[in-house]
Amino acid sequence: MSTKRAGHGISPRRRTARRSPRHAGFRLNPESLRRARLLIVGDVMLDRYWFGEVSRISPEAPVPVVKVERTEERPGGAANVARNAAALGAQVALLSVVGDDEPGDRLRSLLESARVHANLLRDASIRTTVKLRVIGRQQQLLRIDFETTPSHEVLLGKLADYRAMLADCDVVVLSDYGKGGLTHIAQMIRLARLQGKRVLVDPKGDDYSRYRGATVVTPNRNELREVVGRWETEADLTERAQTLRRQLKLEALLLTRSEEGMTLYEDGKVRHEPAKAREVFDVSGAGDTVIATLAVMLAAGAALSEAARIANYAAGIVVGKLGTAVAQPEELLRAMRPGADM
Ligand SMILES: Nc1ncnc2c1ncn2[C@@H]1O[C@H](COP(=O)(O)OP(=O)(O)OP(=O)(O)O)[C@@H](O)[C@H]1O
Ligand SMILES: [Mg+2]
């Protein structure tokens, strides 16, 4: 097994860049976004798309034969969160584990082009997670997944790197895709909070006790239902969400609700943002955009409710684009102008 580590190349922030109080008069402008420094940790994957022509059925089995004509590749999972944050202009470091294989190299180069400082530890005993979609006649015909849980030894190395990288960021994002890369998440949250860093978690699974003490957890409707059960009314939902927030000692819980927008639950406060999309082409990755934007805005000095409001606009932009997309600062500024019609 070989483990490769590299510096993540984020320069320490100059003292003068700090403003006090943190969110006095927050203005969304490229300058404030460039000052935001994020550390993103989680399961990365490579989203691969093979597009082709289907003109016959295979003589070997009753399945279509696809003649592949075009391929596309995109960073997925935590790597998509990182790509979204970098597109907003922030300084983004990413810590994750990949296999010692071609998809791992591919991810590295895609992330480099996206201006993400990626520290991808190489675990020769696993395969990089790949989701391969075969598409013919504008239809997904098959998805093939390659994945393995990283080894214990590499995960411990990851924790050591995490400690080292923590000092150079303002906000930590833990993007849990349930692939095993966040085995030490409770420790990661504790370490970050000890240094006064805010921690945002995109959750997975039914055991949220792992996320105790985080600043914000951002489940979607299904993810929340898995832990608090089915709610009957809006009041019932509020009650369940606030109870979970208190139990986990979170500052806030941000529920993303697809076409219903999102709701931010804070101590004694509930704030709803209706969905902003005018046209919806592709909702995949919208949750990644939400947590990435939320983190960038917080690191840039926005208050939580303002960061959530902006994240909702960013999600509205990406669902209007095909494929897992990103929002640019200019698009955000345009969408948020008074009277703008998204
Ligand atoms: N159909 C939709 N119409 C309008 N806005 C949408 C739609 N789907 C998603 N959004 C926007 O994207 C945000 C996040 O979407 P959602 O709650 O589906 O997250 P998610 O399930 O985590 O997404 P994913 O896992 O695909 O990244 C929503 O809060 C909303 O702003
Ligand atoms: Mg999601």
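Some points to look at:
- The distance between label points at Glu31 and Leu194 comes to 3.7 nm (points 7 Å beyond Cα on the Cα→Cβ vector).
- Highest average packing first - 287-299, 240-252, Cβ atoms within 10 Å: 287-299, 240-252
- Sorting the segments 333-339, 319-325 by their residues' average number of neighbouring beta-carbon atoms within 10 angstrom, most packed first, yields 319-325, 333-339.
- Given Lys158/Lys269; Lys197/Lys269; Lys249/Lys321; Lys67/Lys131; Lys204/Lys249, the pairs whose alpha carbons are separated by over 26 Å: Lys158/Lys269; Lys249/Lys321
- Where N is the number of residues in region 194-303, Cα Rg divided by 2.2 N^0.38 Å: 1.05
- A Förster radius of 22 Å, combined with the Cβ-Cβ distance separating Val65 from Gln140, puts the computed FRET efficiency at roughly 0.85.
- Residue order for Ser113, Ser175, Ser258, Ser32, fewest other beta carbons within 10 angstrom first, comes to Ser113, Ser258, Ser32, Ser175.
- Karplus (6.51, -1.76, 1.60) ³J(HN,Hα), θ = phi - 60°, over region 196-211, in Hz, Gly and Pro reported as x: x, 8, 7, 10, 10, 10, 9, x, 8, x, 10, 10, 8, 4, 5, 9
- An oblate overall shape is assigned to region 139-181, the ratio a/c of its alpha-carbon gyration tensor axes (a ≥ b ≥ c) being 1.5 or greater and a/b not exceeding b/c.
- Anisotropy class of region 57-165 from Cα gyration tensor, a/c 1.5 cut: oblate
- All-pairs alpha carbon distance profile, the chain, 20 Å steps from 0, percent: 31, 58, 11, 0
- Gyration tensor verdict on region 154-217 (Cα atoms; rounded if a/c is under 1.5, prolate if a/b is larger than b/c, oblate otherwise): oblate
- Positive minus negative residues near Gly52 (Lys, Arg vs Asp, Glu; Cβ under 11 Å): +1
- Table column - 3J(HN,Hα) (Hz), region 85-98, Karplus curve with 6.51, -1.76, 1.60, x for Gly and Pro: 5, 5, 5, 7, x, 6, 8, 10, 9, 10, 10, 7, 10, 10
- Computed from the Cβ-Cβ distance with R0 of 22 Å, the FRET efficiency linking Ser55 to Val283 stands at 0.10.
Just so you know, all these numbers are worked out from the coordinates, no wet-lab data involved. Keep in mind it's a predicted model, so treat the numbers as computed, not measured. Please note: Cβ atoms are built from the backbone with ideal geometry, for glycine as well, and neighbour counts cover all protein chains shown.
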